[in-house]
Amino acid sequence: MRHRTYVTSLALGTVLAALVLSGCTGESPAQESGTPSAARPAAHRVFSKPVADQPWAAVGQSKTDGTVSFSQKVTLTTRQGDAVLASSGSLDFSTVGGEGKREWTLAKDLPRAFENALVVDAAPDSRLVVRDGISYYRPGRASYWLSYDRDDFERLHGSRDDPYLRGMQAPFGGMLLDAVAVEGRNVRSETLVDGARLYRAEVDGSQVLTAVLPPNVKGELVASGPDLVTLAMTVDTQGRITQLATDFAARSPTGGNLPAITGLRAQLDLRGYGGYRLPPAKPGGAVLAARTAVRALSRTRPGECFDTDTGVSASLAVQVSCDGPHDARLFARPTLPAGPYPGEKTARSKASAACSAALDTAPPAWTGDTTHKGRFWTQWPYHSDWSTTAEQQVTCYVRSR
């Protein structure tokens, strides 16, 4: 993985059959009365199961009505204020489709580096449409959509699924629904006044981070304290999920791009089951196929322009013309010497120094359209990318919007 920085959530109805003494004719009570015997009601599709299995059964039951509207908030807490990622839209489980938008809201006192890591690499707002197995992603600053199929995901990061663009349990990616485990751990159940159920179960904290955060953010966070965190799930009388919520301590490792994070809260609300139908068409506007438009940022050459938000990974970029709107322009690709990995802090420091020196000698055309005079951004090798026998490439670029 490469880092980029600014140098800067049983009640079975019991029927008691009346005991009727039969007459001396030996006929059964039903025959004598002429009425059929009482039938046992059907078992509830969720609440009749063992408690540990009920949360997972509720996931399946929630899909039976086909469609549902959703809203979700993911809050990263810091001492300087909160960063909130809000998502809303609609899902169609019957067609494995969905559409919606995402938007960041940041407290005004958050450090500039925090804002850069969240907003610059994951646009302030974005849209996602899923149709017929294709995920269409539009960064908030772009006039185009990127189309991804599962072959694209496998090519870009070695898996045919991408939890942020196409979820495992919901067509719209990045949802808390994907944190529900098949086998619940320490599941507790409470019956609410209206007959609904509230479940609390333990899930893997890192699974929550993977489910709800964009790729460039989840790579910067680790769950603090116990590996298992509590996920609360509210289920209506029909066994359908209406809310998922979790709240736990999380932090960014020392030297990361997201300093001073102390926790994460996430809440997903589902409403209006069966009341929506997605339009069948793909989104309007220009559509760029990811297989040709998206490539590793490390393949970008000095002088070339690109957009930073691919919706998949901070180490990828959308190649665009420098003659039109673009997020950034690469001005240098210096190298770090081979040898043992010096540690993340040192690697970042050396990368920044190399980019700073290169900025002074870069052609003016490569740095002249920046909106941040004298500032640059750097991507440097992480430990897993480091080679002890070859020079390590550093990516240096300026932002154009």
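Scanning the stretch 59-83 for residues that are at pLDDT 90 or above and under 20 Å from residue 210 (Cα atoms) yields 59, 70, 71, 72, 73, 74, 75. Taking the stretch 353-400 as the range and being exposed (fewer than 12 other Cβ atoms within 10 Å of the Cβ) and part of a loop (DSSP other than H, G, I, E, B) as the test, the residues that pass are 363, 371, 373, 374, 387, 388, 389, 390.
Inside the stretch 331-347, residues that are touching a Leu at 6+ places or on another chain (Cβ under 8 Å) and aliphatic (A, V, I, L, M) make up a count of 2.
Of these, 333, 401, 329, which one is touching an Asp or Glu at 6+ places or on another chain (Cβ under 9 Å), modelled with pLDDT of 90 or more and basic (Lys, Arg)? The conditions single out 329. For the stretch 50-64, a residue qualifies if it is farther than 15 Å from residue 169 by Cβ and in contact with a Phe, Trp or Tyr (Cβ under 9 Å, 6 or more places away or on another chain), and the qualifying residues are 51, 54. Scanning for something in contact with a strand residue (DSSP E or B) (Cβ under 7 Å, 6 or more places away or on another chain), at pLDDT 85 or above and over 26 Å from residue 290 (Cβ atoms), does the stretch 307-314 turn up at least one residue? Checked against the condition, which is being in contact with a strand residue (DSSP E or B) (Cβ under 7 Å, 6 or more places away or on another chain), at pLDDT 85 or above and over 26 Å from residue 290 (Cβ atoms), the stretch 307-314 yields no hits at all.
The values are calculated or read from the model by the stated rules, or taken from the named source; none is laboratory data. Everything numeric in this text was worked out from a predicted model, so none of it was measured. With ideal geometry, Cβ positions are generated from the backbone for all residues, glycine too; neighbour counts draw on all protein chains shown.
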